[in-house]
Every structure is written in structure tokens, then in C-alpha cells.
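Colleague: First the structure, which I've put down as C-alpha cells, then a few questions once you've had a look.
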Amino acid sequence: MFAAGIDIGSTASKAVILDGDGQVKAKATVPIGTGTAGPERVFGQVMELAGIARDDVAWITATGYGRFSFEGINDQKSELSCHAKGISHLLPGTRTIIDIGGQDIKVMRIGDKGQLLNFVMNDKCAAGTGRFLDTMAKVLDVEVSALSGLSFQADEPAEISSTCTVFAESEVISKLAAKIRLENIAAGIHKSVARRVASLVQRVGIQPDVAMSGGVALNSGLVRSLEEEVRCHIRVHEDCQLAGALGAALFALHSMRNCESYTG
Ligand code: ADP
């Protein structure tokens, strides 16, 4: 039998299937989140990739902003617990996690077994989140995945002083009108996000090793800016965006084993 974790985020849906030995059988991401067809689609995809049917999945744990909306789950866990578990599995030795998703930023301190010790979150404002970067990419008329490459070619990063999405958008438009290179604007956007995130990191206190999770960690230009702000190396795993779903799948595996030994 198999265990599944599904992370229904504000912006993207992610799923991971583990076999009974805890090996990853399949993983998938669909770039639409809660309230859309994304959760069902990602779950269908991950089962197809694993070559299994829904009846073969003994336990499903859901996490993420939309975790209460998915039918057929066995239980749900908070995003904080799932990112902590997922990252400490992917990158053992991590003590500080910076998770930036579509609409929030969380900074967590974790113990040696991945247990959550302390955390801070952003307020409701979109400043510094994936949504902020998505909006800025739209203004620049590029994909959000292109911001990283652009920023690495900057020679004089632009100063974006507003952290508010609405004001920053007008600032970027005025930089474009002033013919400032896209590369320099992209680097300025990253610096503005990095400053905002670094102020949250300071509130929890940084302890190495530091790792990033969430979809924004795929932006290496932003990771570099953040490293400069917090003056510390930040580890990023290629499955950073799947960390929450993996953590949920590990919780599901644990519950599945407990259930088997109880019924067995
Ligand atoms: P949530 O869990 O809130 O849905 P995710 O952790 O999945 O959020 O992250 C979504 C964000 O990740 C998007 O808003 C986008 O800014 C960013 N993102 C996704 N893919 C990429 C990519 N290839 N390069 C850069 N940023 C990305």
C-alpha cells in the first residue's frame, strides 16, 4: 500500500506518493491552487506517474491553505509542521527554514528531529511573497521563472524602495519608462523582497544550517539576494516547492504504519 501527501497552496498544488518503505514513488506540481481544479489534477497526475489507483493509497494527509477542501483525505496537518518535516528529510541538519509561497512568508526554527521550535509569519500584506514577484514579472512582461536569469545579468540594481505591491508596481512602471534595463529592475525587485524577508528572519534569529522551501526558492537570483541580506549560506533542494507535500506524505506513512500494526 502507498501513503500520499497533498499540499493545496494558494497558488500551486503539489503531491507526493511514498511506498511502504518510505521511498518516493512519484511527485507532481500543478501551478494552480485552492479553489481550482489543481488539487484533483495533481492527485490524478501523481497516481498515474506512480502507476497506482486511488484504492491503493492507504492514507492521505493534506496540508496547505486549502487543505480542508480536498475530499477523501484521512487527516490534515499544518503547513508549518509539514515544511519542517519535509525539509529536515531533504536537507538534514537544517535549523532555520525560510518558506516563501504564493501568499505568505514563514520563518521557522526547527530541532534536530525536524520538530518546530519557533516561527514568525508575515502579516496579510503580499509584500515579499510569490504574489509580489508574480505581479512584478507581469509588469516586466516576463515569466516569473525568468526573473532569476535577468537579475544575474544586472550591473547596477535599481532601487525599489516600496515593499507594498501597489506602490512597487508603480515604481517599476516608472523605471521602465525611464529606460532602466530589465536586468537591473529584476535585481532591484529581488533586493526589495530580500530586505522584507530578512526583517522577519531577524525576529526569529538565524541558526545554521539555513534552508529555503516553497516555490520562490526556485528563484536563485532571489536566494542570492537573501544570502547577501542575512549574511549566511542558504541551502536549496531541487524539490523545495514539494517540501510541504513530502512532509505530509511522511506523516501519512507514519499513520499508515500505525494503522497496519493496530489492525495487524
Ligand atoms: P503556495 O504553496 O502558496 O501555493 P508555492 O510554495 O507553491 O506557493 O510557491 C508559489 C510561488 O512560487 C509562485 O507565486 C511563484 O512566484 C514561485 N515560483 C513557482 N515556480 C517558479 C519558478 N520556476 N521560478 C521562480 N519562481 C517560481
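The values are calculated or read from the model by the stated rules, or taken from the named source; none is laboratory data. These numbers come from a predicted model, not from an experiment. Neighbour counts are summed over all protein chains in view; Cβ atoms, including those assigned to glycine, are modelled from backbone coordinates with ideal geometry. When the accessible area is computed, the model is the full protein with side chains, heavy atoms only, and any ligands, DNA or RNA have been set aside. Shrake-Rupley method; radii C 1.70, N 1.55, O 1.52, S 1.80 Å.
Colleague: Residue under question is residue 199, and the condition is that it be among the hydroxyl-bearing types (Ser, Thr, Tyr), assigned to a helix (DSSP H, G or I), touching a strand residue (DSSP E or B) at 6+ places or on another chain (Cβ under 7 Å) and surrounded by fewer than 20 Cβ atoms within 10 Å (Cβ to Cβ); does it hold?
Modeller: Values: among the hydroxyl-bearing types (Ser, Thr, Tyr): yes; assigned to a helix (DSSP H, G or I): yes; touching a strand residue (DSSP E or B) at 6+ places or on another chain (Cβ under 7 Å): no; surrounded by fewer than 20 Cβ atoms within 10 Å (Cβ to Cβ): yes.
Here the answer is no, as residue 199 does not meet what is asked.
Colleague: Taking the range 202-211 on its own, how many of its residues are more than 15 Å from the chain's Cα centre (by Cα) and either crowded, with 19+ Cβ neighbours inside 10 Å or of a type in the set (Gly, Ala, Ser) (or both)? Working first, answer last.
Modeller: Start the filter on the range 202-211 by keeping residues that are more than 15 Å from the chain's Cα centre (by Cα), which leaves 202-209.
Checking the rest, the ones that are also either crowded, with 19+ Cβ neighbours inside 10 Å or of a type in the set (Gly, Ala, Ser) (or both) come to 205.
Residues meeting the conditions: 1.
Colleague: Every residue in the range 212-234 that is surrounded by fewer than 22 Cβ atoms within 10 Å (Cβ to Cβ) and among the polar types (S, T, N, Q), please.
Modeller: 220
Colleague: Does residue 98 satisfy the condition of being buried (at least 20 other Cβ atoms within 10 Å of the Cβ) and either aliphatic (A, V, I, L, M) or more than 18 Å from the chain's Cα centre (by Cα) (or both)? Reasoning before the result, please.
Modeller: Details: buried (at least 20 other Cβ atoms within 10 Å of the Cβ): yes; either aliphatic (A, V, I, L, M) or more than 18 Å from the chain's Cα centre (by Cα) (or both): yes.
In short, yes.
Colleague: Now, a different point. Return yes or no: is residue 57 at pLDDT 95 or above, in contact with a strand residue (DSSP E or B) (Cβ under 6 Å, 6 or more places away or on another chain) and within 15 Å of the ligand (Cβ to nearest atom)? Can you show your working first?
Modeller: Values: at pLDDT 95 or above: yes; in contact with a strand residue (DSSP E or B) (Cβ under 6 Å, 6 or more places away or on another chain): yes; within 15 Å of the ligand (Cβ to nearest atom): no.
When the stated conditions are applied, residue 57 does not pass them.
Colleague: Could you tell me whether residue 150 is in contact (Cβ under 8 Å) with a residue 40 or more places away in the chain and within 10 Å of the ligand (Cβ to nearest atom)? Write out each step before concluding.
Modeller: Numbers: in contact (Cβ under 8 Å) with a residue 40 or more places away in the chain: yes; within 10 Å of the ligand (Cβ to nearest atom): no.
No, not satisfied.
Colleague: I'm trying to understand the selection: among the residues of the range 235-264, which are closer than 15 Å to residue 86 by Cα, open to solvent by 70 Å² or more (accessible area, probe 1.4 Å) and assigned to a helix (DSSP H, G or I)?
Modeller: Restricting attention to the range 235-264, the residues satisfying the condition of being closer than 15 Å to residue 86 by Cα are 235-254.
From what's left, open to solvent by 70 Å² or more (accessible area, probe 1.4 Å): 238, 254.
254, the sole residue that qualifies.
Colleague: Considering only the range 125-158, state which residues are acidic (Asp, Glu) and touching a helix residue (DSSP H, G or I) at 6+ places or on another chain (Cβ under 6 Å).
Modeller: The first filter runs over the range 125-158 and keeps only residues acidic (Asp, Glu), leaving 134, 141, 143, 155-156.
Hits for the range 125-158 are 134, 156.
Colleague: Going by the conditions given, is residue 79 assigned by TED's automatic domain parsing to the domain that holds residue 252, in contact with a Phe, Trp or Tyr (Cβ under 9 Å, 6 or more places away or on another chain) and farther than 20 Å from residue 251 by Cβ? Spell out the reasoning first.
Modeller: On the way: assigned by TED's automatic domain parsing to the domain that holds residue 252: yes; in contact with a Phe, Trp or Tyr (Cβ under 9 Å, 6 or more places away or on another chain): yes; farther than 20 Å from residue 251 by Cβ: no.
For residue 79, the condition - assigned by TED's automatic domain parsing to the domain that holds residue 252, in contact with a Phe, Trp or Tyr (Cβ under 9 Å, 6 or more places away or on another chain) and farther than 20 Å from residue 251 by Cβ - is not met.
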